[in-house]
Amino acid sequence: MELDVLHHGSAIRLDGRVIPLCALWPGARESHRLLKARKLPDKTFELRMSNGDSKLLPDTVFLSPPLLIENISQLLTCADEEGVGLLEDVSVFCRGGRVEEVIPAGSRLSHSQREGVQVLDGRGCVVTPGLVDPHTHPVFAGQRSVEFGLKAAGATYLEIHKAGGGIQSTVDATRAASFEALEAQCWRNLSRLLSWGVTTCEGKSGYALETEGELRLLEVLRSVSQRHPIDVIPTLLGAHSVPREYRERREDYLAQVIHEMIPRAASEGLARYCDVYCEEGAFTLEETERVFAAAQNAGLGLRLHAEQFTDQGGTALAAHMGAASVDHLEAITPDSIAALAKSQTHAVLLPGAALSCRAPWPPATALVDAGVPIALGTDFNPGSSMTASLPLMMSLACMQMGISVELAWRAVTVESARSLGLKDVGQIIAGYQADLVIFDAPDYRYIPYHYGENHVRTVIKGGQVVSC
Ligand code: NIG
Ligand code: FE
(Lines give C-alpha, C1' and ligand atoms only; values in the text may rest on other atoms or scores of the structure.)
(Ligands and ions follow the chains in the order given, each with its own letter.)
Protein backbone atom coordinates (compact mmCIF):
# COMPACT_ATOMS: atom_id res chain seq x y z
CA MET A 1 0.00 0.00 0.00
CA GLU A 2 1.37 3.40 -0.99
CA LEU A 3 0.46 6.38 1.14
CA ASP A 4 1.97 9.86 0.78
CA VAL A 5 1.14 13.33 1.93
CA LEU A 6 0.76 15.56 -1.07
CA HIS A 7 0.80 19.10 -1.95
CA HIS A 8 2.04 20.89 1.10
CA GLY A 9 -0.20 18.81 3.25
CA SER A 10 -3.50 19.60 1.55
CA ALA A 11 -4.18 16.04 0.33
CA ILE A 12 -2.99 12.45 0.57
CA ARG A 13 -2.43 9.88 -2.14
CA LEU A 14 -3.45 6.33 -1.32
CA ASP A 15 -2.66 3.74 -3.98
CA GLY A 16 -2.85 6.37 -6.68
CA ARG A 17 -6.10 7.96 -5.45
CA VAL A 18 -5.90 11.57 -4.33
CA ILE A 19 -8.06 12.50 -1.37
CA PRO A 20 -8.15 16.12 -0.26
CA LEU A 21 -7.79 16.94 3.41
CA CYS A 22 -11.25 18.50 3.56
CA ALA A 23 -12.78 15.12 2.62
CA LEU A 24 -10.89 13.36 5.41
CA TRP A 25 -11.25 15.97 8.04
CA PRO A 26 -14.42 18.02 7.81
CA GLY A 27 -13.76 21.34 9.45
CA ALA A 28 -10.10 21.50 8.38
CA ARG A 29 -9.33 25.03 7.34
CA GLU A 30 -7.25 26.27 4.40
CA SER A 31 -4.38 27.06 6.78
CA HIS A 32 -4.39 23.51 8.19
CA ARG A 33 -1.69 21.27 6.80
CA LEU A 34 -1.16 17.53 7.09
CA LEU A 35 2.29 16.60 8.28
CA LYS A 36 2.05 12.82 8.29
CA ALA A 37 -0.32 10.04 7.38
CA ARG A 38 0.34 6.46 8.37
CA LYS A 39 -1.45 3.15 8.34
CA LEU A 40 -1.81 1.46 11.71
CA PRO A 41 -2.17 -2.32 12.12
CA ASP A 42 -5.81 -2.21 13.27
CA LYS A 43 -7.46 -0.95 10.03
CA THR A 44 -7.10 2.67 11.00
CA PHE A 45 -5.11 5.57 9.67
CA GLU A 46 -3.47 8.25 11.70
CA LEU A 47 -3.34 11.78 10.35
CA ARG A 48 -1.07 14.35 12.02
CA MET A 49 -1.59 18.05 11.43
CA SER A 50 0.99 20.82 11.46
CA ASN A 51 -0.73 22.48 14.45
CA GLY A 52 -0.18 19.36 16.57
CA ASP A 53 -3.71 17.88 16.24
CA SER A 54 -4.03 14.27 15.22
CA LYS A 55 -6.92 12.08 14.17
CA LEU A 56 -7.60 8.36 13.70
CA LEU A 57 -9.78 7.33 10.76
CA PRO A 58 -11.13 3.90 9.83
CA ASP A 59 -9.75 2.63 6.51
CA THR A 60 -13.28 2.44 5.08
CA VAL A 61 -13.10 6.19 4.40
CA PHE A 62 -10.75 5.38 1.54
CA LEU A 63 -12.77 2.63 -0.08
CA SER A 64 -15.00 4.80 -2.27
CA PRO A 65 -18.24 2.84 -1.90
CA PRO A 66 -21.28 3.37 -4.13
CA LEU A 67 -23.13 6.53 -3.15
CA LEU A 68 -26.83 7.15 -2.64
CA ILE A 69 -28.25 10.61 -2.08
CA GLU A 70 -31.82 10.07 -0.99
CA ASN A 71 -34.92 12.14 -0.22
CA ILE A 72 -33.64 14.98 -2.38
CA SER A 73 -36.18 17.80 -2.10
CA GLN A 74 -35.25 19.29 -5.48
CA LEU A 75 -32.98 17.70 -8.08
CA LEU A 76 -31.95 19.79 -11.09
CA THR A 77 -30.92 17.34 -13.79
CA CYS A 78 -30.46 20.06 -16.45
CA ALA A 79 -31.12 17.14 -18.80
CA ASP A 80 -33.78 18.70 -21.04
CA GLU A 81 -33.23 21.16 -23.85
CA GLU A 82 -34.92 23.89 -21.81
CA GLY A 83 -35.39 24.59 -18.12
CA VAL A 84 -33.63 22.87 -15.26
CA GLY A 85 -35.18 19.37 -15.39
CA LEU A 86 -36.65 19.73 -11.90
CA LEU A 87 -37.53 16.50 -10.05
CA GLU A 88 -38.83 16.38 -6.48
CA ASP A 89 -38.37 13.80 -3.69
CA VAL A 90 -36.04 11.61 -5.72
CA SER A 91 -32.76 9.82 -5.03
CA VAL A 92 -29.56 9.54 -7.09
CA PHE A 93 -27.47 6.37 -7.06
CA CYS A 94 -23.83 6.52 -8.21
CA ARG A 95 -21.35 3.72 -8.72
CA GLY A 96 -17.88 3.51 -10.22
CA GLY A 97 -17.68 7.29 -10.47
CA ARG A 98 -20.78 7.57 -12.67
CA VAL A 99 -24.46 8.30 -12.14
CA GLU A 100 -26.21 4.93 -12.31
CA GLU A 101 -29.82 5.85 -11.74
CA VAL A 102 -32.17 8.64 -10.77
CA ILE A 103 -34.64 6.83 -8.50
CA PRO A 104 -38.15 8.28 -8.69
CA ALA A 105 -40.19 9.48 -5.73
CA GLY A 106 -41.79 6.56 -3.90
CA SER A 107 -39.11 3.97 -4.88
CA ARG A 108 -36.37 2.96 -2.50
CA LEU A 109 -33.36 0.69 -2.65
CA SER A 110 -34.01 -2.55 -0.75
CA HIS A 111 -32.20 -3.28 2.48
CA SER A 112 -29.73 -5.60 0.76
CA GLN A 113 -29.11 -3.14 -2.10
CA ARG A 114 -28.15 -0.54 0.49
CA GLU A 115 -25.46 -2.71 2.01
CA GLY A 116 -22.03 -1.10 1.75
CA VAL A 117 -23.52 2.03 0.17
CA GLN A 118 -22.59 5.48 1.47
CA VAL A 119 -25.90 7.26 2.05
CA LEU A 120 -26.34 11.02 2.21
CA ASP A 121 -29.61 12.69 3.13
CA GLY A 122 -30.90 15.23 0.63
CA ARG A 123 -33.94 16.26 2.68
CA GLY A 124 -34.35 20.03 2.61
CA CYS A 125 -31.66 20.26 -0.06
CA VAL A 126 -31.24 21.11 -3.71
CA VAL A 127 -28.94 18.80 -5.67
CA THR A 128 -27.47 19.99 -8.97
CA PRO A 129 -24.81 18.88 -11.44
CA GLY A 130 -21.30 19.87 -10.35
CA LEU A 131 -20.83 23.43 -11.59
CA VAL A 132 -18.65 24.01 -14.65
CA ASP A 133 -16.75 27.32 -14.80
CA PRO A 134 -15.93 28.00 -18.47
CA HIS A 135 -13.46 30.89 -17.96
CA THR A 136 -10.79 31.19 -15.26
CA HIS A 137 -7.18 32.38 -14.91
CA PRO A 138 -6.15 30.28 -11.88
CA VAL A 139 -2.36 30.13 -12.28
CA PHE A 140 -0.48 33.27 -11.27
CA ALA A 141 1.60 34.65 -8.42
CA GLY A 142 0.87 37.63 -6.19
CA GLN A 143 -2.26 39.76 -6.05
CA ARG A 144 -3.29 43.29 -7.08
CA SER A 145 -5.10 44.88 -4.15
CA VAL A 146 -3.17 48.14 -4.70
CA GLU A 147 -4.77 48.45 -8.14
CA PHE A 148 -8.14 47.71 -6.58
CA GLY A 149 -7.58 50.81 -4.45
CA LEU A 150 -6.69 52.85 -7.56
CA LYS A 151 -9.81 51.65 -9.36
CA ALA A 152 -11.95 52.45 -6.33
CA ALA A 153 -10.48 55.98 -6.51
CA GLY A 154 -11.52 56.31 -10.17
CA ALA A 155 -8.73 54.83 -12.36
CA THR A 156 -9.99 52.57 -15.15
CA TYR A 157 -8.81 49.04 -15.94
CA LEU A 158 -7.45 50.15 -19.35
CA GLU A 159 -5.61 53.17 -17.86
CA ILE A 160 -3.81 50.90 -15.37
CA HIS A 161 -3.08 48.37 -18.13
CA LYS A 162 -1.67 51.01 -20.50
CA ALA A 163 0.49 52.48 -17.73
CA GLY A 164 2.27 49.12 -17.41
CA GLY A 165 0.38 47.82 -14.37
CA GLY A 166 -2.44 45.34 -14.71
CA ILE A 167 -1.57 42.10 -16.48
CA GLN A 168 2.13 43.10 -16.67
CA SER A 169 2.41 43.38 -12.89
CA THR A 170 1.08 39.84 -12.47
CA VAL A 171 3.46 38.72 -15.24
CA ASP A 172 6.43 40.11 -13.26
CA ALA A 173 5.35 38.25 -10.10
CA THR A 174 4.56 35.04 -11.98
CA ARG A 175 7.86 34.93 -13.87
CA ALA A 176 9.71 35.28 -10.55
CA ALA A 177 7.78 32.49 -8.80
CA SER A 178 8.97 28.89 -8.51
CA PHE A 179 7.01 26.00 -10.03
CA GLU A 180 6.12 24.81 -6.51
CA ALA A 181 4.88 28.24 -5.42
CA LEU A 182 2.68 28.48 -8.53
CA GLU A 183 1.32 24.99 -7.89
CA ALA A 184 0.50 25.87 -4.29
CA GLN A 185 -1.31 29.09 -5.25
CA CYS A 186 -3.16 27.39 -8.11
CA TRP A 187 -4.20 24.56 -5.75
CA ARG A 188 -5.69 27.11 -3.34
CA ASN A 189 -7.48 28.90 -6.15
CA LEU A 190 -9.06 25.65 -7.36
CA SER A 191 -10.03 24.79 -3.78
CA ARG A 192 -11.86 28.11 -3.57
CA LEU A 193 -13.75 27.28 -6.77
CA LEU A 194 -14.56 23.81 -5.38
CA SER A 195 -15.91 25.31 -2.17
CA TRP A 196 -18.53 27.11 -4.29
CA GLY A 197 -19.56 23.90 -6.08
CA VAL A 198 -17.29 23.92 -9.15
CA THR A 199 -16.14 20.42 -10.18
CA THR A 200 -14.76 21.26 -13.66
CA CYS A 201 -13.25 24.50 -14.91
CA GLU A 202 -11.46 25.90 -17.88
CA GLY A 203 -8.07 27.39 -16.90
CA LYS A 204 -5.85 29.75 -18.89
CA SER A 205 -2.16 30.47 -18.93
CA GLY A 206 -1.29 34.05 -19.90
CA TYR A 207 0.87 35.46 -17.10
CA ALA A 208 4.32 34.51 -18.39
CA LEU A 209 4.20 35.84 -21.96
CA GLU A 210 7.25 33.98 -23.22
CA THR A 211 7.38 30.46 -24.60
CA GLU A 212 9.02 28.49 -21.78
CA GLY A 213 7.08 30.42 -19.17
CA GLU A 214 3.68 29.89 -20.82
CA LEU A 215 4.41 26.17 -21.18
CA ARG A 216 5.46 26.12 -17.52
CA LEU A 217 2.08 27.60 -16.49
CA LEU A 218 0.27 24.94 -18.54
CA GLU A 219 2.43 22.31 -16.80
CA VAL A 220 1.41 23.74 -13.43
CA LEU A 221 -2.23 23.44 -14.50
CA ARG A 222 -1.71 19.85 -15.60
CA SER A 223 0.13 18.90 -12.43
CA VAL A 224 -2.53 20.42 -10.15
CA SER A 225 -5.46 19.12 -12.19
CA GLN A 226 -4.12 15.56 -11.96
CA ARG A 227 -4.22 15.72 -8.17
CA HIS A 228 -6.99 18.16 -7.30
CA PRO A 229 -10.65 17.08 -7.33
CA ILE A 230 -11.42 19.73 -9.98
CA ASP A 231 -10.71 18.80 -13.60
CA VAL A 232 -9.11 21.68 -15.49
CA ILE A 233 -9.53 22.09 -19.25
CA PRO A 234 -6.36 23.96 -20.26
CA THR A 235 -6.20 26.97 -22.58
CA LEU A 236 -3.08 28.69 -23.92
CA LEU A 237 -3.41 32.48 -23.59
CA GLY A 238 0.04 33.54 -24.81
CA ALA A 239 -1.72 36.38 -26.64
CA HIS A 240 -2.94 37.98 -23.40
CA SER A 241 -0.82 41.12 -23.68
CA VAL A 242 2.37 42.18 -25.45
CA PRO A 243 5.02 41.94 -22.71
CA ARG A 244 7.06 45.03 -21.78
CA GLU A 245 10.27 43.90 -23.52
CA TYR A 246 8.43 43.49 -26.86
CA ARG A 247 6.46 46.78 -26.81
CA GLU A 248 8.56 48.22 -29.64
CA ARG A 249 8.63 44.99 -31.66
CA ARG A 250 5.25 43.35 -31.23
CA GLU A 251 5.66 41.40 -34.49
CA ASP A 252 8.46 39.43 -32.83
CA TYR A 253 6.20 38.56 -29.93
CA LEU A 254 3.43 37.46 -32.27
CA ALA A 255 5.91 35.27 -34.11
CA GLN A 256 6.80 33.65 -30.79
CA VAL A 257 3.13 32.93 -30.05
CA ILE A 258 2.45 31.60 -33.55
CA HIS A 259 5.64 29.66 -34.25
CA GLU A 260 6.68 28.50 -30.77
CA MET A 261 3.97 28.57 -28.11
CA ILE A 262 1.06 27.23 -30.15
CA PRO A 263 2.86 24.34 -31.87
CA ARG A 264 4.54 23.28 -28.61
CA ALA A 265 1.45 23.60 -26.39
CA ALA A 266 -0.47 21.51 -28.94
CA SER A 267 2.16 18.86 -29.65
CA GLU A 268 3.01 18.42 -25.96
CA GLY A 269 -0.71 17.97 -25.19
CA LEU A 270 -0.63 20.89 -22.74
CA ALA A 271 -3.61 22.85 -24.10
CA ARG A 272 -6.98 22.02 -25.60
CA TYR A 273 -7.89 25.61 -26.52
CA CYS A 274 -6.15 28.81 -27.60
CA ASP A 275 -7.42 32.21 -26.46
CA VAL A 276 -6.55 35.80 -27.46
CA TYR A 277 -7.32 39.09 -25.70
CA CYS A 278 -8.68 41.11 -28.64
CA GLU A 279 -8.90 44.63 -27.23
CA GLU A 280 -7.47 48.13 -27.46
CA GLY A 281 -4.05 47.94 -25.79
CA ALA A 282 -3.87 44.15 -26.28
CA PHE A 283 -4.23 42.48 -29.74
CA THR A 284 -5.91 43.75 -32.90
CA LEU A 285 -8.47 41.91 -34.98
CA GLU A 286 -5.93 41.16 -37.66
CA GLU A 287 -3.44 39.78 -35.10
CA THR A 288 -6.20 37.69 -33.53
CA GLU A 289 -6.98 36.14 -36.89
CA ARG A 290 -3.35 35.15 -37.40
CA VAL A 291 -3.07 33.59 -33.95
CA PHE A 292 -6.35 31.75 -34.47
CA ALA A 293 -5.25 30.41 -37.85
CA ALA A 294 -2.09 28.99 -36.26
CA ALA A 295 -4.08 27.49 -33.39
CA GLN A 296 -6.52 25.83 -35.76
CA ASN A 297 -3.66 24.52 -37.79
CA ALA A 298 -2.20 22.95 -34.64
CA GLY A 299 -5.54 21.34 -33.75
CA LEU A 300 -6.48 23.62 -30.84
CA GLY A 301 -10.03 24.85 -30.29
CA LEU A 302 -10.64 28.61 -30.13
CA ARG A 303 -11.95 30.89 -27.37
CA LEU A 304 -11.79 34.70 -27.42
CA HIS A 305 -11.74 37.60 -24.96
CA ALA A 306 -13.96 39.76 -27.16
CA GLU A 307 -15.59 43.21 -26.98
CA GLN A 308 -14.82 43.71 -23.28
CA PHE A 309 -14.42 47.51 -23.36
CA THR A 310 -14.56 48.37 -27.07
CA ASP A 311 -16.07 46.74 -30.14
CA GLN A 312 -13.18 45.29 -32.15
CA GLY A 313 -15.12 42.86 -34.34
CA GLY A 314 -13.65 39.87 -32.53
CA THR A 315 -17.00 38.17 -32.05
CA ALA A 316 -17.81 38.07 -35.76
CA LEU A 317 -14.32 36.76 -36.57
CA ALA A 318 -14.48 34.07 -33.87
CA ALA A 319 -17.98 33.00 -34.91
CA HIS A 320 -16.85 32.81 -38.53
CA MET A 321 -13.83 30.69 -37.57
CA GLY A 322 -15.97 28.26 -35.53
CA ALA A 323 -14.70 29.27 -32.08
CA ALA A 324 -16.10 27.38 -29.10
CA SER A 325 -16.80 30.61 -27.21
CA VAL A 326 -16.61 34.39 -27.21
CA ASP A 327 -16.24 35.75 -23.71
CA HIS A 328 -17.08 39.12 -22.03
CA LEU A 329 -19.16 40.94 -24.75
CA GLU A 330 -19.95 44.00 -22.62
CA ALA A 331 -19.38 46.18 -25.71
CA ILE A 332 -20.90 43.89 -28.36
CA THR A 333 -22.94 45.54 -31.15
CA PRO A 334 -26.22 44.32 -32.73
CA ASP A 335 -24.35 43.30 -35.91
CA SER A 336 -22.00 41.10 -33.92
CA ILE A 337 -24.94 39.55 -32.06
CA ALA A 338 -26.46 38.69 -35.43
CA ALA A 339 -23.19 37.12 -36.59
CA LEU A 340 -22.96 35.11 -33.39
CA ALA A 341 -26.54 33.88 -33.73
CA LYS A 342 -25.68 32.29 -37.08
CA SER A 343 -22.87 30.22 -35.51
CA GLN A 344 -22.47 27.37 -33.01
CA THR A 345 -20.33 29.59 -30.77
CA HIS A 346 -21.32 30.03 -27.11
CA ALA A 347 -21.40 33.46 -25.43
CA VAL A 348 -19.58 33.23 -22.08
CA LEU A 349 -20.67 36.14 -19.90
CA LEU A 350 -18.50 37.27 -16.99
CA PRO A 351 -20.48 39.53 -14.66
CA GLY A 352 -17.65 39.65 -12.11
CA ALA A 353 -15.41 41.46 -14.60
CA ALA A 354 -18.17 43.88 -15.60
CA LEU A 355 -18.85 44.62 -11.93
CA SER A 356 -15.25 45.17 -10.95
CA CYS A 357 -14.38 47.24 -14.04
CA ARG A 358 -17.59 49.30 -13.82
CA ALA A 359 -18.33 48.26 -17.39
CA PRO A 360 -21.89 48.03 -18.67
CA TRP A 361 -23.52 44.63 -18.22
CA PRO A 362 -23.33 42.48 -21.36
CA PRO A 363 -26.65 42.54 -23.28
CA ALA A 364 -27.72 39.11 -22.10
CA THR A 365 -31.39 39.34 -23.04
CA ALA A 366 -30.56 40.46 -26.59
CA LEU A 367 -28.23 37.46 -26.91
CA VAL A 368 -30.88 35.08 -25.55
CA ASP A 369 -33.55 36.56 -27.83
CA ALA A 370 -31.24 36.03 -30.80
CA GLY A 371 -30.93 32.35 -29.82
CA VAL A 372 -27.28 32.46 -28.71
CA PRO A 373 -26.44 29.80 -26.07
CA ILE A 374 -25.21 31.47 -22.88
CA ALA A 375 -22.70 30.25 -20.30
CA LEU A 376 -21.57 32.13 -17.18
CA GLY A 377 -18.05 32.18 -15.76
CA THR A 378 -16.25 33.76 -12.81
CA ASP A 379 -13.29 34.99 -14.93
CA PHE A 380 -11.37 34.31 -11.69
CA ASN A 381 -8.18 36.40 -12.08
CA PRO A 382 -6.12 38.82 -9.96
CA GLY A 383 -7.07 41.94 -11.93
CA SER A 384 -10.61 42.19 -13.19
CA SER A 385 -12.48 39.53 -11.24
CA MET A 386 -11.06 38.30 -7.97
CA THR A 387 -13.85 35.90 -7.04
CA ALA A 388 -14.33 32.15 -7.19
CA SER A 389 -18.07 32.32 -6.58
CA LEU A 390 -19.93 31.03 -9.61
CA PRO A 391 -23.23 31.22 -7.68
CA LEU A 392 -22.59 34.97 -7.24
CA MET A 393 -22.28 35.22 -11.05
CA MET A 394 -25.74 33.63 -11.30
CA SER A 395 -27.10 36.22 -8.86
CA LEU A 396 -25.62 39.10 -10.88
CA ALA A 397 -26.92 37.61 -14.14
CA CYS A 398 -30.43 37.35 -12.69
CA MET A 399 -30.47 40.66 -10.84
CA GLN A 400 -28.59 42.91 -13.27
CA MET A 401 -28.70 41.27 -16.70
CA GLY A 402 -32.28 40.04 -16.84
CA ILE A 403 -31.46 36.34 -17.12
CA SER A 404 -34.07 33.92 -15.73
CA VAL A 405 -33.04 31.74 -12.80
CA GLU A 406 -33.49 28.65 -14.97
CA LEU A 407 -31.23 30.03 -17.68
CA ALA A 408 -28.64 31.00 -15.05
CA TRP A 409 -28.54 27.39 -13.77
CA ARG A 410 -28.18 26.07 -17.29
CA ALA A 411 -25.42 28.61 -17.93
CA VAL A 412 -23.23 27.18 -15.13
CA THR A 413 -23.93 23.51 -15.89
CA VAL A 414 -25.05 22.07 -19.22
CA GLU A 415 -24.22 25.13 -21.36
CA SER A 416 -20.82 25.80 -19.83
CA ALA A 417 -19.96 22.11 -20.28
CA ARG A 418 -21.04 22.33 -23.93
CA SER A 419 -18.97 25.46 -24.45
CA LEU A 420 -15.97 23.34 -23.39
CA GLY A 421 -16.92 20.44 -25.65
CA LEU A 422 -17.52 18.14 -22.63
CA LYS A 423 -19.92 15.30 -23.30
CA ASP A 424 -20.44 13.69 -19.87
CA VAL A 425 -20.59 16.49 -17.33
CA GLY A 426 -23.01 19.33 -16.61
CA GLN A 427 -26.13 17.15 -16.42
CA ILE A 428 -27.42 14.41 -14.13
CA ILE A 429 -28.05 11.53 -16.50
CA ALA A 430 -27.28 7.81 -16.13
CA GLY A 431 -23.76 7.22 -17.44
CA TYR A 432 -22.56 10.78 -16.86
CA GLN A 433 -19.77 11.52 -14.36
CA ALA A 434 -21.10 11.55 -10.82
CA ASP A 435 -20.25 15.22 -10.23
CA LEU A 436 -22.91 16.67 -7.96
CA VAL A 437 -23.44 19.49 -5.49
CA ILE A 438 -25.74 19.33 -2.47
CA PHE A 439 -26.91 22.83 -1.53
CA ASP A 440 -28.48 23.63 1.82
CA ALA A 441 -31.44 25.46 0.31
CA PRO A 442 -35.22 24.99 0.22
CA ASP A 443 -35.56 25.86 -3.48
CA TYR A 444 -33.21 26.21 -6.46
CA ARG A 445 -34.15 29.87 -6.81
CA TYR A 446 -33.01 30.46 -3.24
CA ILE A 447 -29.34 30.07 -4.20
CA PRO A 448 -29.02 33.10 -6.53
CA TYR A 449 -31.65 34.95 -4.46
CA HIS A 450 -29.70 34.70 -1.20
CA TYR A 451 -26.58 36.11 -2.83
CA GLY A 452 -23.01 36.37 -1.61
CA GLU A 453 -23.63 33.46 0.78
CA ASN A 454 -22.19 29.99 0.29
CA HIS A 455 -25.02 27.43 0.39
CA VAL A 456 -22.87 24.45 -0.63
CA ARG A 457 -23.17 21.59 1.85
CA THR A 458 -21.28 18.83 0.00
CA VAL A 459 -19.41 18.54 -3.29
CA ILE A 460 -19.17 15.14 -4.99
CA LYS A 461 -16.65 14.51 -7.76
CA GLY A 462 -16.60 11.20 -9.61
CA GLY A 463 -18.91 9.69 -6.98
CA GLN A 464 -16.69 10.70 -4.05
CA VAL A 465 -17.37 13.29 -1.41
CA VAL A 466 -14.56 15.83 -1.88
CA SER A 467 -15.60 18.69 0.36
CA CYS A 468 -17.65 18.82 3.47
O1 NIG B 1 -10.59 38.31 -18.53
N2 NIG B 1 -9.10 40.87 -20.02
C3 NIG B 1 -8.11 40.17 -20.00
N4 NIG B 1 -7.90 39.21 -19.13
C5 NIG B 1 -8.54 39.13 -17.85
C6 NIG B 1 -7.93 40.07 -16.90
C7 NIG B 1 -6.56 39.70 -16.60
C8 NIG B 1 -5.87 40.59 -15.59
O9 NIG B 1 -6.25 41.76 -15.43
O10 NIG B 1 -4.94 40.08 -14.98
C11 NIG B 1 -10.03 39.23 -17.99
O12 NIG B 1 -10.69 40.18 -17.55
FE1 FE C 1 -10.48 36.45 -18.70
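The values are calculated or read from the model by the stated rules, or taken from the named source; none is laboratory data. No experiment lies behind these values; they were computed from the predicted model shown. Counting neighbours? That spans all protein chains shown, and the Cβs are built from the backbone with ideal geometry, glycine included.
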Q) Scanning for something of a type in the set (Lys, Arg) and assigned to a helix (DSSP H, G or I), does the range 247-254 turn up at least one residue? A) yes
Q.
If a residue must be aliphatic (A, V, I, L, M) and surrounded by fewer than 23 Cβ atoms within 10 Å (Cβ to Cβ), how many such residues does the range 375-395 contain?
A. 2
Q.
Of the conditions (1) in contact with a Leu (Cβ under 7 Å, 6 or more places away or on another chain); (2) surrounded by fewer than 19 Cβ atoms within 10 Å (Cβ to Cβ); (3) closer than 25 Å to Arg192 by Cα; (4) modelled with pLDDT of 80 or more, Leu76 satisfies every one except a single condition; which number is it?
A. (2)
Q) Quick check: is even one residue across the range 307-321 within 16 Å of ligand 2 (Cβ to nearest atom) and among the aliphatic types (A, V, I, L, M)? A) yes
Q. Looking at this structure, is Thr200 hydroxyl-bearing (Ser, Thr, Tyr), surrounded by fewer than 23 Cβ atoms within 10 Å (Cβ to Cβ) and touching a residue at least 60 places away in the same chain (Cβ under 8 Å)?
A. no
**Q.** Of the criteria (1) in a helix (DSSP H, G or I); (2) under 23 Å from the mean Cα position of the chain (by Cα), which one Ser241 fails
**A.** (1)
Q. Does the range 184-207 contain at least one residue that is more than 15 Å from the chain's Cα centre (by Cα), within 16 Å of ligand 1 (Cβ to nearest atom), assigned to a loop (DSSP other than H, G, I, E, B) and under 17 Å from Val242 (Cβ atoms)?
A. yes
Q: For Gly269, indicate whether it is surrounded by fewer than 21 Cβ atoms within 10 Å (Cβ to Cβ) and not in a helix (DSSP H, G or I).
A: yes
Q) Among helices (runs of 4 or more DSSP H) lying entirely in the range 291-359, which contain 1 or more residues that are more than 16 Å from ligand 1 (Cβ to nearest atom) and surrounded by fewer than 19 Cβ atoms within 10 Å (Cβ to Cβ)? A) 314-320, 334-341
Q | Enumerated strands (runs of 3 or more DSSP E) restricted to the range 61-147, each holding at least 2 residues that are closer than 20 Å to Ile447 by Cα and charged (D, E, K, R) | A | 86-95
Q | Search result, residues across the range 244-257 that are over 14 Å from Lys162 (Cβ atoms) and not aromatic (Phe, Trp, Tyr) | A | Glu245, Glu248, Arg249, Arg250, Glu251, Asp252, Leu254, Ala255, Gln256, Val257
(Q) From the list Ser205, Ser145, exactly one residue is out of contact with any Leu (no Cβ under 7 Å at 6 or more places or on another chain) and either free of Cβ contacts under 8 Å to residues at least 60 places away in the same chain or of a type outside the set (D, E, K, R) (or both). Which is it? (A) Ser145
**Q.** Any pair with Cβ under 8 angstrom, 6 or more apart, that starts in the range 369-398 at a residue that is part of a helix (DSSP H, G or I) and ends at one that is within 14 Å of ligand 1 (Cβ to nearest atom) and among the charged types (D, E, K, R)
**A.** Leu390/Asp133
**Q.** Exclusive hit being away from ligand 2 (no atom under 16 Å from the Cβ) and within 25 Å of Arg188 (Cβ to Cβ), set Pro104, Pro134, Pro138, Pro129
**A.** Pro129
